[in-house]
Structure formats: structure tokens, C-alpha cells
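What follows is a short report on a single structure.
The values are calculated or read from the model by the stated rules, or taken from the named source; none is laboratory data. Remember, predicted model here, so these are calculated numbers, not experimental data. Cβ sites come from the backbone with ideal geometry, for glycine too, and all protein chains shown count toward neighbours. These area figures cover heavy atoms from the full protein model, side chains too; ligands, DNA and RNA do not enter into them. Shrake-Rupley method; radii C 1.70, N 1.55, O 1.52, S 1.80 Å.
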Amino acid sequence: AGLTSGGGTAPHYERALEQHDGYIRALERCGLQVHQLAADEAFPDSTFVEDVAVVTPRCAILTAPGAPSRKGEVAAIRPILERHHARIHAIDTGAALDGGDVMQIGSHFYVGLSQRTDPAGAHQLIGILEDYGMSGTTVSVSGFLHLKTGVTWLGDNTLIAAQEFIGHPQLAGFELIPVAPQEQGAANCLLINNHILMPAGYPRAREQVARLGREIIEIDISEFAKIDGGLTCLSLRF
């Protein structure tokens with residue numbers, strides 16, 4: 001019952017649960033300890049837990065989701081973050097910021113200005129980051145729901161990018177792996193401990209990413225893609 005920008009087929013619930021279990025196993029294979037949260041039936045989109053917080057080595061920031069139906073998710077994630085982070089900040093509710101629009105590369109954060117993140121939310125986030133010696137840059141987003149729907153970091157100076165982010169002036173200076181329009185779903189990858197998690201079903205993009213020499217783990221998340229979900233948004237990593 002999650003939000004979707006398209007009018008396609010609804011997710012198959014049991015298959016989605018199986019795919020979510022596969023995602024957890026992949027995270028554990030990368031060496032992570034996984035804390036699986038209980039389902040929250042009041043918020044169908046809460047499986048996309050990345051959107052409600054930005055987690056850094058120095059602090060955690062509660063976001064202000066751009067979709068009105070998701071705003072209640074923030075209160076639910078706060079006590080969970082408090083178990084792991086001593087310093088927690090929050091974006092004002094009058095602004096909008098989704099974690100899916102925040103791409104961290106080292107101590108610098110690229111913040112997408114999208115359907116779900118506005119300039120006020122982005123600038124508040126960057127201000128908090130700067131208080132901790134980090135930095136941020138805004139990136140315009142027009143053809144994707146979130147920044148990381150169309151571009152993600154693969155380590156070193158390399159991004160994988162689709163459509164508008166290929167040659168995007170605000171991302172100049174990076175080595176780019178461009179994905180074809182018919183494989184644009186491959187742009188949402190996840191780098192963890194020298195492993196690259198990729199959505200399954202994009203053979204051309206996989207061949208390009210394989211040249212980086214990191215171990216690739218393909219994961220079928222087709223049911224989550226039906227409601228605009230990707231690999232990065234299904235977890236908070238720290």
C-alpha cells in the first residue's frame with residue numbers, strides 16, 4: 001500500500017517479504033550486524049527507513065519527509081536512533097527533506113532538490129553538517145523521485161549514474177559509469193565494505209560495475225521497485 005509515482009502492478013506481498021529477507025542476508029554477507037525493526041502497519045512506506053533519518057559518524061539527523069503521509073514515521077525512528085547516537089538533530093517540520101536525496105561521499109554530502117526535498121530542508125541539513133566539520137552541496141533533481149534513484153557512489157571517485165546525472169554539472173569531477181535508459185534502475189547501488197549491492201536484472205550495468213574489481217551481490221527487489229523503492233532506501237547504515 002506504499003506510495004507510487006506510476007500506475008503499474010501492485011507489489012506481491014509474500015514475494016516482497018522474501019526479497020526483504022534476501023536483502024538482510026546480503027547486508028550480513030557484507031559484514032554488517034542487522035537490526036530488523038518490527039513492521040509498522042500505520043505507515044506502509046516505513047520499510048523505506050532511509051528516508052526518515054540521515055546518519056553520520058558524528059550525529060544523526062531526523063528528516064522531514066516530503067510526503068505528508070510519511071511524516072509520522074519520524075517519531076517512531078527517534079527512540080531507535082537514540083540507542084546508537086548521542087547527538088540527534090531534527091529538520092524543522094515546515095521544511096522537507098527525504099534521506100533518499102542525501103548521498104554521502106566521505107565527509108561531503110550531496111543533497112538533491114527534488115519532489116520530496118526542498119531548499120529549506122537541504123540548507124538546514126547542510127547547516128547541521130557544517131557544525132560538525134562536514135559539508136554539503138545541493139543538486140537539482142528533475143526526472144527522478146530522489147537523488148539516489150538516479151546516482152550513487154561506488155567508492156573512490158566513481159559514481160554510477162542514469163539519465164540527467166550523466167554529465168550533470170553539479171557532479172563534475174567524478175568518474176562516471178553511465179547506465180542505459182532501459183537499465184536506469186541499476187543506478188541505485190550500495191557500497192558496503194568493498195562489496196557492491198546491485199539490483200538484479202541489469203546485465204550491461206553489472207558488466208560495467210564488475211570492472212571496478214569489487215565483489216558484486218545482485219539482489220532482486222522487483223516488488224519494492226513497483227512502489228519506487230531501491231536498495232539504499234531499505235536500510236540505515238552506520
Problem - Spin-label model distance (nm) - LYS71 vs THR137, 7 Å beyond Cα toward Cβ - result: 3.3
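Multiplying the sequence separation of ARG25 and GLU175 by 0.36 nm and subtracting their Cα-Cα distance, what value in nm do you get? Let's see the in-between values first.
Numbers: separation 150, 0.36 × 150 = 54.00 nm, distance 3.01 nm.
Net length gain for the segment: 51.0 nm.
I'd like to check one number: the per residue accessible area of segment 38-132, probe 1.4 Å, reported in Å² as a whole number. Can you show the working numbers first?
Details: 4060 Å² over 95 residues.
With the other protein chains kept in place, segment 38-132 gives 43 Å² per residue.
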Handout entry: Pairwise Cα inverse-distance average, inverted: Kirkwood Rh of segment 65-136 (Å)
Key = 12.8
Exercise for the section: Please report the relative contact order for the chain, taking Cα pairs under 8 Å with a sequence separation of at least 6, and give it as a percent rounded to a whole number. Expected result: 21
Problem - Summed side-chain charge close to THR117 - residues other than THR117 whose Cβ falls under 15 Å, Lys, Arg +1, Asp, Glu -1 - result: -3
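Below 12 angstrom from the Cβ of LEU32, what's the summed charge of the other residues (Lys, Arg +1; Asp, Glu -1)?
Details: positive: ARG25, ARG29, ARG237; negative: GLU28.
Spelling it out: positives minus negatives among the neighbours equals +2.
Could you compute the net charge surrounding GLY136? Neighbours are other residues with a C-beta less than 13 Å from the C-beta of GLY136; K and R count +1, D and E count -1.
Numbers: positive: none; negative: ASP101, GLU130, ASP131.
Summing Lys and Arg as +1 and Asp and Glu as -1 gives -3.
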Problem - Accessible surface of the chain [probe 1.4 Å, protein heavy atoms]: carbon and sulfur percent - result: 50
